[in-house]
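Step one of this worksheet: look at the structure below.
The values are calculated or read from the model by the stated rules, or taken from the named source; none is laboratory data. The shown structure was predicted, so the numbers you read here are calculated from the model rather than taken from an experiment. With ideal geometry, Cβ positions are generated from the backbone for all residues, glycine too; neighbour counts draw on all protein chains shown. Protein only, heavy atoms only, side chains kept; ligands, DNA and RNA dropped before computing areas. Shrake-Rupley method; radii C 1.70, N 1.55, O 1.52, S 1.80 Å.
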Amino acid sequence: MTDKKNKAFDIDAVITWVDGNDENHINKLSQYVENKSSLKSKGFLTRFYQVNEIEFCIKSIKKYAPYVRNIYVVTDNQTPDFLKNNNDFKNVNIVDHKIIFKGYEDFLPVFNSNSIETMIGRIPNLAEHFIYFNDDMLLINETKPSDFFSEEGLPILRGRWTNYESEKLKKFLESVGLKKKRISKLGYKKAQENIARILKFKKYLKVSHTPFSMRKSIINDFLEKNEKVLLNNIKYRFRDPSYFMIQSLAAHLEILNKSFVLQKNFQLLHFGSSDKPLFWIKLKLNSIQNKKEKLFLNIQSLDLYPEKKLNYILNWLIKHMS
């Protein structure tokens, strides 16, 4: 693969973001939450809270993926502070929920990330080839277009084929202590299984917490022809066990079309828990300097990290993105 051939088509980036600390957002959220006590739950609010991850995400794209044409930040009437009156980010565009939900405004406001993600293919002027980021997904080393799309424009999928989870086996493993019991049934894995079942796969491709390569026409064509599936995925203001991930939809549609390249090496450094000790965090972050093959960093629920760990991570990110 050559970069020259990859540059034959534009590549954009899309990031969904919410400032959960914003008073207007909190007031709006409180109008629709039935269980008001959940507004005091860290486990519930961490989906909305942020510690400026969006700034690091955008800066990482600018630094390590300079070939990206436009960066679209999808929000609900919000703008990250660092973008206000800043001319250094001219290719960063704010896209309000009202734009992508045009014709479906009755479903707004929505606080369900999966609902919002379902509509990102409707961003005006979005390139056919784009990379989808959650705001906690960062680039940490130099990337090439060929890390996301083949020279023919096929998406690079990072995932592993996985059997559907048996509820009976799951309950048994939980009962004997071999599997951690989860209160919520709204998991990352379940959202991938759901769409694979809809598309009648016998197994599903379990994708990881990495930036995701997608083609606009693939998802838009399917959702336009299957409006019932679309409506079911956007009708819930909050998460529901029936929802699916747009990334997983895109992946399985490409698999059906045999129009993909499977990358089994995720090239990912993933922090899934704030419980890891500080020395482990230091070791992992500092190892990046010697591991150029690691391209992605995902730190989930950064707002839950204790102050000492959080400060170390933020200082590392400032240095690494400068």
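Annotation note: of Lys309, Lys294, the sole residue that is open to solvent by less than 70 Å² (accessible area, probe 1.4 Å) and within 17 Å of Thr143 (Cα to Cα) is Lys294. In region 257-268 there is at least one residue matching the filter, namely being among the polar types (S, T, N, Q), outside any helix (DSSP H, G or I) and either more than 30 Å from Leu154 (Cβ to Cβ) or open to solvent by 50 Å² or more (accessible area, probe 1.4 Å) (or both).
Just to be sure, is Arg215 among the charged types (D, E, K, R), open to solvent by 10 Å² or more (accessible area, probe 1.4 Å) and in contact with a helix residue (DSSP H, G or I) (Cβ under 6 Å, 6 or more places away or on another chain)? Taking the combined requirement at face value, the residue does not satisfy it. Name the residue that is modelled with the highest pLDDT, counting only residues in region 219-238 that are in contact with a helix residue (DSSP H, G or I) (Cβ under 7 Å, 6 or more places away or on another chain) and open to solvent by 40 Å² or more (accessible area, probe 1.4 Å). By that ranking, first place goes to Lys235.
Checking each residue in region 183-212 for being in a strand (DSSP E or B) and surrounded by 19 or more Cβ atoms within 10 Å (Cβ to Cβ) picks out Tyr204, Leu205, Val207, Phe212.
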